[in-house]
Structure formats: C-alpha cells, structure tokens
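The values are calculated or read from the model by the stated rules, or taken from the named source; none is laboratory data. In this text the structure is predicted, and so the values were computed from the model without any measurement. No Cβ is skipped: glycine too gets one built from the backbone with ideal geometry, and neighbour counts run over all protein chains shown.
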Amino acid sequence: MDHNELCRMGAVALAEQIRKKRVSPVEVTEAVLARMERLQPYLHGFCTPTPERARAEAKQIETDIMAGRAIGPLAGIPVSYKDLILTKGVRTTSGSLVYKDFIPDEDDVVVERLRAAGAAMLGKTNAPEFGYSAAGHNPVFETTRNPWDNALTSGGSSAGAAAAVASGIGPIATGTDGGGSIRIPASFCGVYGFKPSMGRIPLYPGCRDERYPGVSGWESIEHIGPITRSVADAALMMSAASGPDMRDRHSLPAAEFDWMDCLQGDLRGKRVAYSADWGYAPVDPTVRRIVGNAVRVFERELGCIVEEANPGWDDPSGTFYATMFAESDLKGMRELMRKYPLSGHLIDGLMTPWTAEDFTTANMMRKSVVRKMAQFMSRYDLLLTPTAAVPPFPIHMQGPEKIDGCYVRPAQFIAFTFPINLTGQPAATVPAGWTEEGLPVGLQIVGRHLEDWMVLRASANYEAAAPWRDKWPPMLTKLGL
C-alpha cells in the first residue's frame, strides 16, 4: 500500500492487516510520520513529536509478530497523546511556560494501557494553557489550525488531537474533556469524539497530583477519551484503556459489556429527546439547520421516536466555572501567576475574588442539574443537541462575540457540552454536516448514566446512515495527500 492509503485507514482495519502480516507496523508508522512532517507547518498539531520512539515501538511490534509472540489489540497503531496527559520521559508542557521543560517520571494510566496494548507513540498534541479554553492557542507553541480552513481554530482543548486525526496523522488521538474538550474540537474538525462516563478511563497522575499546580485539577468533571475517524476505532481504544485503577478513587469497575459489541444492534423504538438550544442558548442558524437535519435521520431512517424537549434547568455556566476553579489549585496557580506570564483568560479566572459561598452554591446548583437530568433521562434513551453553538471561528479568539445576533460571553458557544461534565454522563459528537463554506458541524449524542454502550450504538447507527469517514479536508488533496 502507498503512504496515503495507509494514513486513510482506520485503526481497526490497520490492526487486522498488521496481525495478518499484510502490512508492517514499521511501514504504517513511517507513512504517518511522513504525513506529520508534511502537515506540521500548516496545522501545528504536535508540540512534541516523538518520531524515534514511534519507530522503535513499531520495530518492536514487528519483531514480536515475526517471532510469533502475542501482541495487543492496538499493536502497531500510531497514537498521539494530548499535552495535558503525562508521558514518562517525554516533555509534557500543558501548554504553559511553567512546564515548558517538564519531563514527567511516570505515565498517565491511559498511556500505560495503550502502550501495553501495542500502540506506537507519535508524540504530544497541542493544547491551550492547562486546558482552560475551548480554543487552540497557548503561550509556548504555534497555534493549532483547523484542517478545513487554516485561518480558523480547531477548537479545544484537545486542539492538536482533533486536527491530527482529521488530517490522517494517526487514526487515534487521546483527548481530555472537562467541559467539552474532546467534543468541541472533534466537532470543529469533522471527526468522532467520545467522552465516556466519568471514571471509565482512570485519571492518574495528571488530575491527582499536588506536585503539578495547574495540571492537577478538575477531579470530578475531567474525562479521558478517544478522538477518531470512526466509531469502531473509538470502541477499540476504549477496550484497551478502560477499567478500574486503585490510584483513581473515581474509576469505575470493568464495564459489564464488550466495547466492540456496543456497535451492534439497531435503535428502532428508542425514545430520543432533541434540545436545539436548552431553552435559553443562542445558536447559529446554520448550525441549527444542519443539526436539525441530522436529528431527522434518527427519526426517519433509524426508527427512533424523537421529541423536542429540554431538561428544564437555567443556564448553569456560572455553576460550571465556579466548579472548575473550586477543583483547581488556586493557591498554587496564583503563585505561578506571579512568576510566569499566564494566558489572559486564565488570569481573569484566577483573579476572581472567589468566596466559599460561591463554591458551595455552585455545588448545590450542580446537584440540581444532575437531579433534573436524571429525571429527564428517565423518559428518554438518548438526548441529542448541537455540539457547539457555532461553526469554527478565527484563531486567537476565546469565542465569538455574537451568536445569532446576540452579544455573548466568549465561551457561550460551549453551552451544550459542559453540562454533561457536571453530570458525568457519556456523550459523543458525530459530524452532522458541513456549512456552505465547507466547515464541519457536530451533533452531540448523550446517553443515560453509565450507558456508554448506547451512545456508541447510536453513534454507529448514525455513522452507517450518514457516513463521514471518507470526507477529508480539501487541503490534503491540494498537497497530494
């Protein structure tokens, strides 16, 4: 196979070809590294590439295969890690000057597990400072660009991860999601993003270690999950990365289902709620139209019973931001702020005169959101919403100033994602369609508490009815990729 063909193959197909010795893991890795080198000047998706490590790991897998030794389910698959995920011996900056030379002495659990499954590490993908943004710029590296239009953001905070997958630089990227940071960039880049139930993939040490101010936070709202071009590839990563770990007190027992089996079964007769705007959020008219068309696929082609309905809470954005900073190391980060030039939006949050009452009120309001969502989901199998309220916007912005003619706060465009971090439910984004300008728009699929299997089944059914994996950014064709 030529390099372009290898780069356009999914992880499931590549793993099968590698196991059957039809493709060499070294050949796959070289193809992806060549594409990374070609696209990095345009996209800046990787902040710390690790080509020599990728080659060494691919070579070891090839040796194991030729020797007849057992290999893992991701053997020879190139995988990237977001720069907020700690990697032993490999620089992990968290997009901050504070950690620009930081080399961890241990791996995050997800890295341990994917390495054990045979994945080859491509490198670290770019993210905004400490992940406190849904855009793709930071003070350390060049700003990540959207493959569909290099003048626009790829979203955040898993900015480089989504840009890499959307352009074929590896079929799987790991992301983190504390308020939409997997789903927003996957939506903006036209790929699949899955935020599993909180605790499916353990978080350690990145969100559990007081040694790393800024990195160690958001314990009750942070999730790790895959960004991929297909639902099957996401399920494959989950099969290797999920399961309990004693170092994370929130980690869940092993799933009572097989992750790959989640892709089977139809949705006929399932009750589906559709909320176009939560009842209060401004939404770009083009997004509303494209997402509405995608929702009709569930009703007309997948056999669901779809009703327009809202969970019934008031805008919980204040609750979310208070929760976010209540779970941050405020003392440690404020000390860092006096020593280093942190991002302006991060300084604004750290300088807010938070009170104990702010945080306890947010905790009570969060409980209200969780209760109302539980009551709402008792009537429905799934909830559909837009993923982002707008299409991708220009780089170096925190968000648009106006949405549908209304002046909004910069982060208002993530109104649909962060409530699902407050509740901890599983959620995914699938490509709903593209604007007339050729920009991706995402549809969010939310499942009941712990029903990850239903989100993956719904995603797979929608993917079969409205496939997207063969739609690639035009810039690749222009570059002969």
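Look at Ala241 and say whether it is more than 25 Å from Asn363 (Cα to Cα) and crowded, with 17+ Cβ neighbours inside 10 Å. Even if it seems obvious, please write down each step before you answer.
Numbers: more than 25 Å from Asn363 (Cα to Cα): yes; crowded, with 17+ Cβ neighbours inside 10 Å: yes.
It is true that Ala241 is more than 25 Å from Asn363 (Cα to Cα) and crowded, with 17+ Cβ neighbours inside 10 Å.
Which pairs do you get when a residue that is under 15 Å from Leu383 (Cα atoms), found in the stretch 283-295, comes within reach of a residue that is hydroxyl-bearing (Ser, Thr, Tyr), reach meaning Cβ atoms under 9 angstrom, with the pair 6+ apart or on two chains?
Within 9 Å, the pairs are Val291/Tyr274; Val291/Thr385; Val291/Thr387; Gly292/Tyr274; Ala294/Tyr462; Val295/Tyr274.
So, Arg200, is that one in a loop (DSSP other than H, G, I, E, B), free of Cβ contacts under 8 Å to residues at least 60 places away in the same chain and more than 22 Å from Gln398 (Cβ to Cβ) or not?
Details: in a loop (DSSP other than H, G, I, E, B): yes; free of Cβ contacts under 8 Å to residues at least 60 places away in the same chain: no; more than 22 Å from Gln398 (Cβ to Cβ): yes.
Here the answer is no, as Arg200 does not meet what is asked.
Kindly indicate whether any position in the stretch 92-109 is surrounded by fewer than 18 Cβ atoms within 10 Å (Cβ to Cβ) and touching a Gly at 6+ places or on another chain (Cβ under 9 Å).
Checking the stretch 92-109: at least one residue is surrounded by fewer than 18 Cβ atoms within 10 Å (Cβ to Cβ) and touching a Gly at 6+ places or on another chain (Cβ under 9 Å).
Yes/no per residue for (1) surrounded by 16 or more Cβ atoms within 10 Å (Cβ to Cβ); (2) part of a helix (DSSP H, G or I):
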{"position": "Ala15", "(1), (2)": "yes, yes"}
{"position": "Arg22", "(1), (2)": "no, no"}
{"position": "Arg35", "(1), (2)": "yes, yes"}
{"position": "Arg38", "(1), (2)": "yes, yes"}
{"position": "Glu52", "(1), (2)": "no, yes"}
{"position": "Pro73", "(1), (2)": "yes, no"}
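Could you please find all residues in the stretch 423-457 being out of contact with any Lys or Arg (no Cβ under 8 Å at 6 or more places or on another chain) and hydrophobic (A, V, I, L, M, F, W, C)?
Going residue by residue through the stretch 423-457, those that are out of contact with any Lys or Arg (no Cβ under 8 Å at 6 or more places or on another chain) are 423-424, 430, 432-433, 435-441, 443, 445-451, 453, 455-457.
Passing the criteria: Val430, Ala432, Leu439, Val441, Leu443, Ile445, Val446, Leu450, Trp453, Val455, Leu456.
Within the stretch 213-249, take every residue that is in contact with a Leu (Cβ under 8 Å, 6 or more places away or on another chain) and either modelled with pLDDT under 95 or acidic (Asp, Glu) (or both) and give me the one that is nearest to Leu263 (Cα to Cα).
Glu222
For the stretch 420-445, how many residues are touching a helix residue (DSSP H, G or I) at 6+ places or on another chain (Cβ under 6 Å) and either at negative phi or free of Cβ contacts under 8 Å to residues at least 12 places away in the same chain (or both)?
The initial filter retains those residues of the stretch 420-445 that are touching a helix residue (DSSP H, G or I) at 6+ places or on another chain (Cβ under 6 Å), namely 422-423, 426-430, 432-433, 435, 441-443, 445.
After this cut, where a residue has to be either at negative phi or free of Cβ contacts under 8 Å to residues at least 12 places away in the same chain (or both) as well, the list is 422-423, 426-430, 432, 435, 441-443, 445.
Residues flagged as touching a helix residue (DSSP H, G or I) at 6+ places or on another chain (Cβ under 6 Å) and either at negative phi or free of Cβ contacts under 8 Å to residues at least 12 places away in the same chain (or both) within the stretch 420-445 amount to 13.
Filter the stretch 321-331 for residues that are under 24 Å from the mean Cα position of the chain (by Cα) and assigned to a helix (DSSP H, G or I); which is surrounded by the most Cβ atoms within 10 Å (Cβ to Cβ)?
As a first pass, look at the stretch 321-331 and keep what is under 24 Å from the mean Cα position of the chain (by Cα): 321-329.
Narrowing further to those that are assigned to a helix (DSSP H, G or I): 321-326.
Numbers: Tyr321: 19, Ala322: 22, Thr323: 24, Met324: 20, Phe325: 21, Ala326: 19.
This residue is Thr323.
To keep it simple, each residue is scored yes or no on (1) assigned to a loop (DSSP other than H, G, I, E, B); (2) touching a helix residue (DSSP H, G or I) at 6+ places or on another chain (Cβ under 8 Å).
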residue	(1), (2)
Asp266	yes, yes
Ala281	yes, yes
Val291	no, no
Phe298	no, yes
Leu302	yes, yes
Pro311	yes, yes
Thr319	no, yes
Met333	no, yes
Pro353	yes, no
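Those residues that are in contact with a strand residue (DSSP E or B) (Cβ under 8 Å, 6 or more places away or on another chain), within 22 Å of Val215 (Cα to Cα) and assigned to a loop (DSSP other than H, G, I, E, B), I need them from the stretch 156-175; list them, please.
Hits for the stretch 156-175 are Ser157, Ser158.
When you go through (1) in a loop (DSSP other than H, G, I, E, B); (2) buried (at least 20 other Cβ atoms within 10 Å of the Cβ) one by one for Phe257, which number turns out not to apply?
(2) is the only condition that Phe257 fails.
Is it true that some residue in the stretch 204-212 is part of a loop (DSSP other than H, G, I, E, B), in contact with a His (Cβ under 8 Å, 6 or more places away or on another chain) and buried (at least 24 other Cβ atoms within 10 Å of the Cβ)? Full working, then the answer.
Just the residues of the stretch 204-212 that are part of a loop (DSSP other than H, G, I, E, B), to begin with: 204-212.
Going one step further and asking which of them are in contact with a His (Cβ under 8 Å, 6 or more places away or on another chain), we end up with none.
Taking every residue of the stretch 204-212 in turn, none turns out to be part of a loop (DSSP other than H, G, I, E, B), in contact with a His (Cβ under 8 Å, 6 or more places away or on another chain) and buried (at least 24 other Cβ atoms within 10 Å of the Cβ).
Anything in the stretch 458-473 that is surrounded by 22 or more Cβ atoms within 10 Å (Cβ to Cβ) and either in contact with a Lys or Arg (Cβ under 9 Å, 6 or more places away or on another chain) or outside any helix (DSSP H, G or I) (or both)? List them, or say none.
Hits for the stretch 458-473 are Ala458, Pro473.
Out of the stretch 378-424, which residues are part of a strand (DSSP E or B) and either out of contact with any Ser or Thr (no Cβ under 9 Å at 6 or more places or on another chain) or more than 20 Å from Gly155 (Cα to Cα) (or both)?
First, pick out the residues of the stretch 378-424 that are part of a strand (DSSP E or B): 382-386, 394, 402-403, 406-407.
Those that are part of a strand (DSSP E or B) and either out of contact with any Ser or Thr (no Cβ under 9 Å at 6 or more places or on another chain) or more than 20 Å from Gly155 (Cα to Cα) (or both): Leu382, Leu383, Leu384, Lys402, Ile403, Cys406, Tyr407.
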